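Please read the structure below before turning to the comments.
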Amino acid sequence: MYLMFQAFTAAAKLDGMMKMWFSFIGMGLMIVSAVLIYFARSKTKGWIRVILTIVSVIILIYGCGFELVALT
């Protein structure tokens, strides 16, 4: 989270190509999160489902953070 905050504060210094890569990373993390939550909800039960859901939410938050950096 600290690295994401550093990236957010330094976003004004990024050129267009770096913002593009941040956007790709954010989209990739959101896709991974969606696939992981789909797998957790459809194929698992019990505490494994809870752990996978928590990991998916954390990945989604990081993906949204990268997208916010790309938008600035």
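Assorted remarks:
- Taken over the stretch 29-72, residues that are farther than 30 Å from Met18 by Cα, of a type outside the set (Gly, Ala, Ser) and assigned to a loop (DSSP other than H, G, I, E, B) amount to 2.
- Considering only residues in the stretch 23-35 that are under 14 Å from Ile61 (Cα atoms) and not small (Gly, Ala, Ser), the one that is surrounded by the fewest Cβ atoms within 10 Å (Cβ to Cβ) turns out to be Ile31.
- Residues of the stretch 1-43 satisfying the condition of being at pLDDT 85 or above, touching a helix residue (DSSP H, G or I) at 6+ places or on another chain (Cβ under 8 Å) and closer than 11 Å to Val69 by Cβ: Lys19, Phe22, Ser23, Ile25, Gly26
The values are calculated or read from the model by the stated rules, or taken from the named source; none is laboratory data. What you see is a predicted model, and the numbers here were worked out from it, not measured in a lab. All Cβ positions, even for glycine, are placed from backbone atoms using ideal geometry, and neighbour counts span all protein chains on display.
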